[in-house]
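The values are calculated or read from the model by the stated rules, or taken from the named source; none is laboratory data. No experiment lies behind these values; they were computed from the predicted model shown. Note: ideal-geometry Cβ built from the backbone for every residue, glycine included; neighbour counts use all protein chains shown. Each accessible area value is taken on the protein alone, full model and side chains, heavy atoms only, with ligands, DNA and RNA left out. Shrake-Rupley method; radii C 1.70, N 1.55, O 1.52, S 1.80 Å.
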Amino acid sequence: MTDDERFSLLVSVMGANSVLPVRDPRIPPGVGMSAGYTPGVPRLGVPALRSTDGSLGITNPGYRPTDKGATALPASIVVGASFNPVLARESGALLGREARIRGFNMVLGGGINLQRDPRNGRNFEYYSEDPLLSAVLGAEAVNGTQGEAVISTLKHYSLNCNETNRHWLDAIIDPAAHRESDLLAFQIAIERSQPGSIMTAYNKVNGEYASGNSLLLNDILKGAWGYKGWAMSDWGATVSWDFALSGLDQESGAQIDDILWKAEPFTGPLREAYANGKLPRERLSDMVRRILASSYTIGIDRWGPAPKVDMAKHNDLALEVARQGIVVLKNDGLLPLPADTNAKIAVIGGHAQEGVPTGTGSSAVVPEGGYAAVVKIGGPGPMGIGRNLFLLPTSPFAELKKLLPNARIYFDPGQSPAEAALLALRSDVVIVFGIRVEGEGFDLPDLSLPWGQDAVISAVAAANSKTIVVLETGNPVRMPWHDKVRAVVQAWYPGQAGGQAIAETLTGSLNPSGRLPLTFPAGLAQTPRPRLSGLGTPWGTPTTIRYNEGAEVGYRWFAKERAKPLYAFGHGLSYTHFVHENLAVRGGETVTATFTVTNSGAREGADVPQLYLIDAAGDKRMRLIGFDRVVLKPGESKRVTLSADPRLLARFDEKVGRWRIVAGRYRVALGMSAEDLRLHAEVALATRVFGT
Ligand code: BGC
């Protein structure tokens, strides 16, 4: 390989879009564009890299006019709420197939940043606030995609947990706590899936840009964890050529760097550094070798015939994820609505007559047949251009009509409290929708629903005591009307089949089994940062966010503070009942727990038993150490065994760079949520120093 060929592999350029309307001449004519293009070396059979966004489906931000649309999956947070690794894997495989038929050999998926802040605009693109759950699901998504011979990323490494001024954001965290939280999620996910590439974050971590952070890239990712793939930047995150010395192997979306930092650092400046000896030859070889190693290991050079894509089957998967990820938060016996009801039902608000919302930003997917509707929203910064209320088919209103053929169902847009209340007054039951546009580039100012929807819900609940609220948001919301309504269903951004899954949940043709993958606080005052620094400052303002909660993210924080959230991590109701019994725990190298789960109710359903560490040798700290998703018929029981990853029982010792379990009694609890712990046990563990 010549040096020219080597350097050509180190940069990707992005396709034309609303920010960059002109097609980059580096992308050869006829090549379908998307997020990234890196030329191959045909002389040596090195394939070009063609990447597409694909956390929630294969995206097409206007680059491919003839593309007929892709499967718009539910948001990753819905997969998180399913607690089902099989769905994560199948979704990853779907992405791999739909990428391949478009010629893309790389999916920019695997968002596993922890949901640390309920204002983070991108939480819907991530799985959970918990490192274990995020890692297991993220790894399975990567395995699914790479099983189709398509490279997948895990992203954004690390601590891209807020969007506020993300290019100028310094995320501060205690290094050991970082290892026990966000970095542990990456570590476990990498071990389980060997992703071809790791995408770095926009933000700084403890003063150094994540993309040029030698501690994170050289010492931890490639050193301590022995990662063999390549580190690529996020789009517009390569600030300087010498990030190559800090462990970055590839500059992505180079034109964005040109806009933001007035340079494409890996094009000219990196070559100059090589010419004058500042970039060692060995390092250049290493950068290239990593890209080639992933390409050949995952097999993008050995594609056989294109995989068969059955869009109807893919729709079934989108539906199944929504079915398993919708969470019934509250139910005063009003749900499910009987299938033969002839009641007068009011459906109010949320554009429910048109479709379901989805998040905005680089993950937004145009479904087959297009959006049901697009309402322009806008906002500052480049991400403001694509900030829209995207509505995907299917319509919850239409789907309810199908499932309740005898009911008389009417729609009110919910544009004013008074008007909505008029319909509510003359109805037997009300289903009111609360929606919010969340997305990349924007943090939410608070936890409220926009556009006066809280007032509409309150007015409707005052007019009709049988009110059900369905929330379609990517984050927790405040519920000032909570005690006035009979049921609350968290439907997230449920994807193209979401309307059907919502209707099935409300009418009981499915038994809900989703569980919260993040804590719903009663208000921001309970969270680690009641005030978010930088919020509301102009785009481009240097901002520092201190993640002082360290590893005590989400439910761990609530346990430490002894605060009672609105709804706990892991919470979710079913139309049947489950009992946990006979918890037996073994010690040794780690904690292994065995217990029985029984469906004691009258219909089939799925339980998600959760095992938590609650006390580690006198140190009261809470960690999810195992979970399962168990489908049971009425009266059926199953014995379940869960073994903890020992790192979840340990502390990371920064001084020696190893994990340490201190000798003593370890208490664990099994429960229905982080708050609803029903069985306790304890076990003695010996001192153990292990891993890196
Ligand atoms: C996002 C990434 C995405 C990339 C390419 C960035 O703005 O942060 O998640 O993969 O764009 O579209």
- Note on the structure: For V470, other-chain or 5+-apart residues with amide H closer than 5 Å (H placed, Pro excluded) are V432, F433, G434, V489
- Query: For region 135-259, what size does the Cα cloud have along each of its three principal axes, sorted from largest down, in whole Å?
  - Reply: 36, 34, 27
- In whole Hz, the Karplus estimates of ³J(HN,Hα) for region 369-385 (6.51, -1.76, 1.60; θ = phi - 60°; x where Gly or Pro) are x, x, 5, 5, 6, 10, 10, 5, 10, x, x, x, x, x, 6, x, 4
- Item | Listed residues L334, L566 arranged by accessible area, highest first, probe 1.4 Å | L566, L334
- Compare the Cα positions of G657, G671, V579 along the charge dipole of region 576-690 (+1 at Cβ of Lys, Arg; -1 at Cβ of Asp, Glu; about the Cα centre) and return the one farthest towards the positive end. G657
- Item | V86, V437, reordered so the largest accessible area comes first (probe 1.4 Å) | V86, V437
- Cα extents of the chain along the three principal axes, largest first (Å): 78, 62, 50
- Residues meeting the amide H criterion for E438 (H placed from the backbone, H to H distance under 5 Å, 5 or more places apart or on another chain) are T360
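Give me the percent of accessible area attributable to carbon and sulfur for region 498-570, probe 1.4 angstrom.
Percent of accessible area from carbon and sulfur atoms in region 498-570: 52.
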- Item | Extension gain (nm, one decimal) between N342 and A312, 0.36 nm per residue minus Cα-Cα | 7.6 nm
- First compute the accessible area of region 3-298 with a 1.4 Å probe, then give the percent of it belonging to carbon and sulfur atoms. 56
- List the relative contact order of region 301-438 as a percent without decimals, with contacts defined as Cα pairs under 8 Å and 6+ residues apart. 35
- Could you calculate the contour length gain from V579 to A418, that is, 0.36 nm times the residue separation minus the distance between their Cα atoms, to one decimal place in nm? 53.5 nm
- Query: Got a sec? Charge dipole of the chain, +1 on Cβ for Lys and Arg, -1 for Asp and Glu; which of G605, L444, P280 is way out at the positive end?
  - Reply: G605
- Item | Per residue value of the accessible surface for the chain (all protein chains in place, 1.4 Å probe), Å² | 34
- Rounded tilt (10° steps) of 311-325 against the dominant C-alpha axis of the chain: 60
- Message: Taking θ = phi - 60°, what integer Hz values does the Karplus form 6.51 cos²θ - 1.76 cosθ + 1.60 yield along region 195-212, in sequence order, with x for Gly and Pro?
- Response: x, x, 9, 10, 8, 7, 8, 6, 6, 7, 10, 6, x, 10, 3, 4, 6, x
- Loop trypsin sites (Lys or Arg not before Pro), region 601-692, which have at most 15 other Cβ atoms in a 10 Å radius of their Cβ (DSSP): R603, K620, K655
- So, counting K/R as plus one and D/E as minus one, what does the shell of residues with Cβ under 14 Å around P65 add up to? +3
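Leaving out ligands, DNA and RNA, and with a 1.4 Å probe, what % of the accessible surface on region 576-690 is carbon or sulfur?
Roughly 49 percent of what the probe reaches on region 576-690 is carbon or sulfur.
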- Just by accessible area at a 1.4 angstrom probe, what is the order of K222, K376 from largest to smallest? K376, K222
- Equivalent ellipsoid semi-axes for region 300-388, as square roots of 5 times the alpha carbon gyration tensor eigenvalues: give them largest first, rounded to whole Å. 32, 24, 13
- Message: Given the options L510, I431, S197, identify the residue whose Cα lies farthest towards the positive end of the charge dipole of the chain (+1 on Cβ of Lys, Arg; -1 on Cβ of Asp, Glu).
- Response: L510
- Task: Per residue of region 129-142, in order, report the coupling 6.51 cos²θ - 1.76 cosθ + 1.60 (Karplus, θ = phi - 60°) as ³J(HN,Hα) in whole Hz, putting x for Gly and Pro.
- Result: 8, 9, x, 5, 4, 4, 5, 5, 6, x, 5, 5, 4, 5
